[in-house]
1. Return the pairs, sorted by first residue and then second, in which the second residue is hydroxyl-bearing (Ser, Thr, Tyr) and surrounded by 12 or more Cβ atoms within 10 Å (Cβ to Cβ), the first residue lies in the range 240-256 and is more than 14 Å from Val230 (Cα to Cα) and modelled with pLDDT under 80, the beta carbons are less than 8 Å apart, and the residues are 6+ apart or on different chains.
2. Does Tyr254 fit the bill of being over 14 Å from Val120 (Cα atoms) and crowded, with 16+ Cβ neighbours inside 10 Å?
3. So, Ala55, is that one at pLDDT 85 or above, out of contact with any strand residue (DSSP E or B) (no Cβ under 9 Å at 6 or more places or on another chain) and surrounded by fewer than 18 Cβ atoms within 10 Å (Cβ to Cβ) or not?
4. Between a residue in the range 284-297 that is farther than 10 Å from Ala401 by Cα and any residue that is among the polar types (S, T, N, Q) and part of a helix (DSSP H, G or I), which pairs come within a Cβ distance under 8 Å, given they are 6 or more apart or on different chains?
5. Among (1) of a type outside the set (S, T, N, Q); (2) assigned to a helix (DSSP H, G or I); (3) free of Cβ contacts under 8 Å to residues at least 60 places away in the same chain, there is one condition Phe343 misses while meeting the rest; what is its number?
6. Here is a list: Gln355, Gln372. Which entry is closer than 30 Å to Gly59 by Cβ, outside any helix (DSSP H, G or I) and at pLDDT below 75?
7. Read through the list (1) surrounded by fewer than 17 Cβ atoms within 10 Å (Cβ to Cβ); (2) more than 28 Å from the chain's Cα centre (by Cα); (3) outside any strand (DSSP E or B), then give the number of the only condition that Met105 fails.
Amino acid sequence: MAWFDGFERSVALRYLRSRRQEGFISVIAWFSLGGIALGVATLIIVMAVMNGFRAELLGRILGLNGHLTISGQAVPLQDWQGLADRIRKLPEVVDAAPLVEGQVMATANGAAGGALVRAVRPEDMARRTLVVSNIRRGSLADFAGDDAAMIGARMAQRLGVGLGDRITLISPQGNVTAFGTMPRLRAFKVVAIYEVGMFEYDNAFVFLPLEAGRLFFRTGEDVSGIEVFVKDPQRVWEARKAIAAVAGQQVRMYDWQEANSSFFNAVMVERNVMFLILTLIILVAAFNIVSSLIMLVKDKTRDIAILRTMGASRGSILRIFLMAGTAVGVLGTMAGFVLGVVFNANIESIRQGLQWLTGTQLFSPEVYFLTQLPSKSDPREVVQVVLMALGLSFLATVYPAWRAARLDPVEALRYE
């Protein structure tokens, strides 16, 4: 039996080699192999990019914002110290930090633009490792007092300011004077410039010490809200129920999933649609395997009849063509797997090279919110793609191989 299996393999390989040397019917087979390889590679790359988008957005959003924000009902949050202490005692909560937040216009050197001010305590800012670890100029040690400000690198570039320069913040909540309502404005010294890699934050966020924010927005001892950090962001609803039970007052709560649902829903929908479209590419390549094997069976009709008269069984003929067709699918799948993995490992370098060659920006941070093209391969998804491609390739060979096995050698030799 072992000799017979070796015989089947040698015949299948000889059919493949002879087709390549003769150049007969091989074009369809090579297109099938290339189609499967491109389909598998593209599917692996797209899934990795989608996973990278979600992971990068989630990491940056949760690195700069609390998992849950508590605020007053259209008024500053009062008695926030007691509320924060009660929240910190909950087992689901890691920390609760006060903040003062408001929309302003930032201006310097004749340039102006909208900005979001977030005033936090210096010790709370020190725990935001995403910002602290990405300070490009300046130091967190200077983030104190009522005259300090920390801005993003893109805002600094847009306003034309550097370390030690001043930016003026203008609040829409003006001061009432005898001459009417005057805009509230104040200049702050830039003590640090950060770059977290997310365009929205690098371009529009201004961090102030909590006391400076209180003075600017005139909240007194009150705060705009409390940022709550929980142990498991994916189970923020459990912490939300527990906080509502201990709040003791009417508060408004919204978590990171509500605040950013549009981002993640869009990524998930696009990911599912792309998976479906790219799976169709692999399916089309599998149909090419069917057509190429059917043509091979027709071309090798006399050879099949001779093998049958020499004692080869229907099962042997079936396995010969199954191996011949599956080889195309296996080679294409493995080539696509290697191409996809290598591309993912060097995706940012490839993007930079393409931008240099074409002279265009292929990944605008203003549109995609990130400054680099992310990629995060999930081994389980890669295995699923490879198994799906192998399964479709095998199914594509079943019908042509069955037709070859059902061929009557007498009828085949009679018409030759």
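1. Correct list of pairs: Val251/Ser71.
2. For Tyr254, the condition - over 14 Å from Val120 (Cα atoms) and crowded, with 16+ Cβ neighbours inside 10 Å - is not met.
3. Numbers: at pLDDT 85 or above: no; out of contact with any strand residue (DSSP E or B) (no Cβ under 9 Å at 6 or more places or on another chain): yes; surrounded by fewer than 18 Cβ atoms within 10 Å (Cβ to Cβ): yes.
In short, no.
4. Final answer for the pair search is Ala285/Ser32; Ala286/Ser32; Ala286/Ser393; Asn288/Ser32; Ile289/Ser32; Ile289/Ser393; Ile289/Thr397; Ser292/Ser32.
5. (3)
6. Gln372
7. Result: Met105 fails condition (3) only.
Residue-wise test of (1) buried (at least 16 other Cβ atoms within 10 Å of the Cβ); (2) hydroxyl-bearing (Ser, Thr, Tyr).
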{"site": "Met268", "(1), (2)": "no, no"}
{"site": "Leu278", "(1), (2)": "yes, no"}
{"site": "Phe287", "(1), (2)": "no, no"}
{"site": "Val290", "(1), (2)": "yes, no"}
{"site": "Leu296", "(1), (2)": "yes, no"}
{"site": "Thr309", "(1), (2)": "no, yes"}
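The values are calculated or read from the model by the stated rules, or taken from the named source; none is laboratory data. What you are looking at is a predicted structure, and each value in this text was computed from that prediction instead of being measured. Positions of Cβ are backbone-derived with ideal geometry, glycine not excepted, and every protein chain shown enters the neighbour counts.
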